[in-house]
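Peer 1: The structure that follows is given in the form of structure tokens.
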Amino acid sequence: MTPRATPGSPIRWGEQPRGGSLGAALARLSARVRATFGVRPSTHPESLPSLPLALRRGELAQRYLAAESSAEHPLAGEAASVALEDAIRAEAWWPADLWGHRALWHFEQAGMELEATRAARRIGDVRVGGGDPASGRRYYAEAISEARDIGAEREEGLAALGMGRAEMELRNVTTARRLGEIALDLLERGGAPAEETAAARELRGEEREVG
């Protein structure tokens, strides 16, 4: 996904007067994470390695393989995304990671920027779920950057929420709370459902007066 400016595109979050400091803080944090851990591995090779035999069973895998063999990238990406979500629900982190990267590759090949951004975020979720929050931050940072580029506030908010959870796992509580505040603002502005904004509020924590 190559960042690009689109004439007449909406103002990005963080460029408006309200909440501007939060947007700038998120951009700085995302850039710092990417500088520290590097960008995610390139997903633009000309082809993917063969799907492991262990993942070739079942109707969904066959649907994916048929779409992959005919280079129908949107269909292949969709099938890989469904397999990713199934694996996440089962807490099967290795298959989830593999399916996530395949979904990301196919969506990028198809130029489906929002879907590719979501796949990068979900890989971050997989890395955190699998016990590697430091690696997950790199994918969240990429998703934040891409979501900002296409003006997808809800997706940016979910990536900020994911990064905040990763920071909490790493015991960076202040940073995690700040990300919760940023995520809440983005999710509210993006019309996210109540459960997503509630998760951001929980991460942010509640301010209490002392005395």
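Peer 1: Of (1) under 20 Å from ALA120 (Cβ atoms); (2) part of a helix (DSSP H, G or I); (3) open to solvent by 10 Å² or more (accessible area, probe 1.4 Å), ARG178 satisfies all except one. Which?
Peer 2: In the conditions (1) under 20 Å from ALA120 (Cβ atoms); (2) part of a helix (DSSP H, G or I); (3) open to solvent by 10 Å² or more (accessible area, probe 1.4 Å), ARG178 misses (1) alone.
Peer 1: Suppose the filter is touching a Pro at 6+ places or on another chain (Cβ under 7 Å), touching a residue at least 24 places away in the same chain (Cβ under 8 Å) and within 17 Å of GLU46 (Cα to Cα); does ALA110 pass it?
Peer 2: Spelling it out, ALA110 is indeed touching a Pro at 6+ places or on another chain (Cβ under 7 Å), touching a residue at least 24 places away in the same chain (Cβ under 8 Å) and within 17 Å of GLU46 (Cα to Cα).
Peer 1: Just checking, which of ALA87, ALA67 is buried (at least 19 other Cβ atoms within 10 Å of the Cβ), outside any loop (DSSP other than H, G, I, E, B) and more than 23 Å from the chain's Cα centre (by Cα)?
Peer 2: Among ALA87, ALA67, only ALA67 is buried (at least 19 other Cβ atoms within 10 Å of the Cβ), outside any loop (DSSP other than H, G, I, E, B) and more than 23 Å from the chain's Cα centre (by Cα).
Peer 1: Sticking with this one: With respect to ARG102, determine if the residue is closer than 22 Å to TYR64 by Cβ, within 8 Å of the chain's Cα centre (by Cα) and not aliphatic (A, V, I, L, M).
Peer 2: It is false that ARG102 is closer than 22 Å to TYR64 by Cβ, within 8 Å of the chain's Cα centre (by Cα) and not aliphatic (A, V, I, L, M).
Peer 1: Restricting attention to the stretch 114-129, does a residue exist that is of a type in the set (Lys, Arg) and open to solvent by 60 Å² or more (accessible area, probe 1.4 Å)?
Peer 2: Among the residues of the stretch 114-129, at least one is of a type in the set (Lys, Arg) and open to solvent by 60 Å² or more (accessible area, probe 1.4 Å), which makes the answer yes.
Peer 1: While we're here: Just to be sure before I move on: is ARG32 over 15 Å from the mean Cα position of the chain (by Cα), within 26 Å of LEU179 (Cα to Cα) and modelled with pLDDT of 95 or more in the structure I sent? Spell out the reasoning first.
Peer 2: Values: over 15 Å from the mean Cα position of the chain (by Cα): yes; within 26 Å of LEU179 (Cα to Cα): yes; modelled with pLDDT of 95 or more: no.
Judged against the criteria, ARG32 is not a match.
The values are calculated or read from the model by the stated rules, or taken from the named source; none is laboratory data. Predicted, not measured: the structure shown is a model, and the values here were computed from it. So basically every Cβ, Gly included, is an ideal-geometry build from the backbone, and we count neighbours across all protein chains shown. When the accessible area is computed, the model is the full protein with side chains, heavy atoms only, and any ligands, DNA or RNA have been set aside. Shrake-Rupley method; radii C 1.70, N 1.55, O 1.52, S 1.80 Å.
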